[in-house]
Amino acid sequence: MKNNLITSLIALLFIAGCSSSDQAEEGSVPEQDIEVIAENLEIPWSIDQLNETMYVTERTGSVVKIEDGQTERQSVELKEELSTASEAGLLGFVLAPDFQESNTAYAYYTYEGEDGRFNRIVTLQLEGDVWREEDILLDQIPSGNVHHGGRLKIGPDDKLYAATGDASDADIAQDLDSLGGKILRLNLDGSIPDDNPFQDSYVYSYGHRNPQGMTWSPDGTMYASEHGNSANDEINIIEAGQNYGWPVIEGNEEQDDMISPLFTSGDDSTWAPSGIGYHEEKLYVAALRGTAILEFDLETKEQQTLVSGLGRIRNLYIEGDTLYFISNNTDGRGNPEENDDKLYRVLLNAE
C-alpha cells in the first residue's frame, strides 16, 4: 500500500512538472531533432544567410556572424542613437543581392533623434568586422512606445519591402500620407518604384497594425504576419494597393474595400506572430506569445504546431529543407534559461 502511494505521488509530481506552457506539444518536432547552432544571443531579431554563413541582428546593436560552428559578434556603427525603447533597436536586416562583391546589407533601426523617436532604413557597409551606416534610404518612419514593425525582405521582383507598425497611433494605418502601419516597397537605391500602386508613394499596402513577417511562394504570392490587438492575430495574402482594415476591422470581420485575413487566431487567443516563411504549400510562422513555430497548410487550411517548448520565437529562415529559427526569451517578456537566446536548426519533412 505504501509503495503504491509513493508511486502515485511521483506520477502526480511528474504531471505537474510537465504542465508548463513551454512544454512541447503533442505532434511537434521532438527536442532531440532540434539542433542548437548558436547561443548567448542578445535579443536577436533578424536572420539572413549566405552559403553556410548565418547573420543575426541583435536589438542591442550588433550583428552576429555564425560560421563553421563559431560565433563572432560584429559591432554596428550608426549615425543616430539607437533607441532602447520597448520593441525598438536594430531590427530588420537583409544582405544585398551582390553582398559578396559589395559587402552591403540593408537594415531597419529605431533611433532617438532631436525631433523624437523614428525608424529608418539604411545601407550598412561591412569593413573588417564592423558594419557602418552608409546611405539613408528612407527616414522618419513613425515610432511610438511600441509597434515599430521592422521586418525587411527583398522580394522576387528585386525590390526592398519593409513592414512598419502603427507606432501606437492606430489611425495612421489608414492614412496614405503616413509611412506607419504599412508595407512599403522601395527600389534598392531607396527611390520609389514606378509601378507602386500609389503615385509617388512608398506604400504598397496599408491598414496594418504591427506586421513583422513577410514571405513569398514560388508563384510570387506574398504573405505577411501581423499582431492583432490582444487577439485576432493575422496571416494575410498581400496585394498591391489593398487595405487590410486596421483599426476599422480585425480578425474575421469584413467590410467593403478591406481585406480579411487568410488565417486568424480569433477573438480568444493570440500568437503574436513575427517571422514567416514558405515551404511546399505551407507557411511557417514564429510565434512570440504562442511560444511556438506554427505550421499553416495552404491547401487544407489546417494549422498545427511544429516546434514548442523553447519559449518565445522571433524569426525563422528557410533554406531548402532546413528551417532556422531564433528564440527571444531575453527581450524582457520571456523567461530566459541558461545560454538563451539561441539559434536553432530543424529539418522539414524529416523521415
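The values are calculated or read from the model by the stated rules, or taken from the named source; none is laboratory data. From a predicted model like this one, the values you see are computed outputs, not experimental measurements. Here the Cβ is made from the backbone with ideal geometry for all residues, glycine too, and neighbour counts use every protein chain on show.
When residues in region 92-135 are screened for being among the small types (Gly, Ala, Ser) and closer than 17 Å to Ser46 by Cα, 4 of them pass. Taking region 252-266 as the range and being at pLDDT 95 or above and under 22 Å from Ala292 (Cβ atoms) as the test, the residues that pass are Pro261, Leu262, Phe263, Thr264, Ser265, Gly266. Of Gly241, Gly275, Gly220, all but one fail to be at positive phi, touching a strand residue (DSSP E or B) at 6+ places or on another chain (Cβ under 8 Å) and at pLDDT 95 or above; the exception is Gly241.
Would you call Leu124 at pLDDT 95 or above and surrounded by fewer than 23 Cβ atoms within 10 Å (Cβ to Cβ)? When the stated conditions are applied, Leu124 does not pass them. Of note, Asp166 does not satisfy the criterion of being in contact with a Pro (Cβ under 6 Å, 6 or more places away or on another chain) and crowded, with 23+ Cβ neighbours inside 10 Å. Taking each residue of region 73-86 that is in contact (Cβ under 8 Å) with a residue 40 or more places away in the chain and looking for partners that are among the hydrophobic types (A, V, I, L, M, F, W, C) and surrounded by fewer than 14 Cβ atoms within 10 Å (Cβ to Cβ) with beta-carbon atoms closer than 6 Å, six or more apart or interchain, yields Ser75/Val130. Evaluate the following for Glu52: is it within 28 Å of Thr291 (Cα to Cα), charged (D, E, K, R) and in contact with an Asp or Glu (Cβ under 6 Å, 6 or more places away or on another chain)? Taking the combined requirement at face value, the residue does not satisfy it. Could you list all residues from region 174-196 that are free of Cβ contacts under 8 Å to residues at least 40 places away in the same chain and closer than 25 Å to Ile313 by Cα? Hits for region 174-196 are Gly180, Lys182.
So for region 333-346 (the condition being touching a Pro at 6+ places or on another chain (Cβ under 6 Å), hydrophobic (A, V, I, L, M, F, W, C) and either within 15 Å of Asn40 (Cα to Cα) or in contact (Cβ under 8 Å) with a residue 24 or more places away in the chain (or both)), does at least one residue qualify?
Residues of region 333-346 that are touching a Pro at 6+ places or on another chain (Cβ under 6 Å), as a first pass: 341.
Next cut, hydrophobic (A, V, I, L, M, F, W, C) only: none.
So far as region 333-346 goes, no, none of its residues is touching a Pro at 6+ places or on another chain (Cβ under 6 Å), hydrophobic (A, V, I, L, M, F, W, C) and either within 15 Å of Asn40 (Cα to Cα) or in contact (Cβ under 8 Å) with a residue 24 or more places away in the chain (or both).
Listed by position, the strands (runs of 3 or more DSSP E) contained in region 197-308 that have at least 3 residues being touching a residue at least 60 places away in the same chain (Cβ under 8 Å) and under 21 Å from the mean Cα position of the chain (by Cα) are 211-216, 222-226, 273-279, 282-287, 303-308. The residues listed here are Arg312, Arg345; of these, the one that is surrounded by 20 or more Cβ atoms within 10 Å (Cβ to Cβ) and at pLDDT 95 or above is Arg312.
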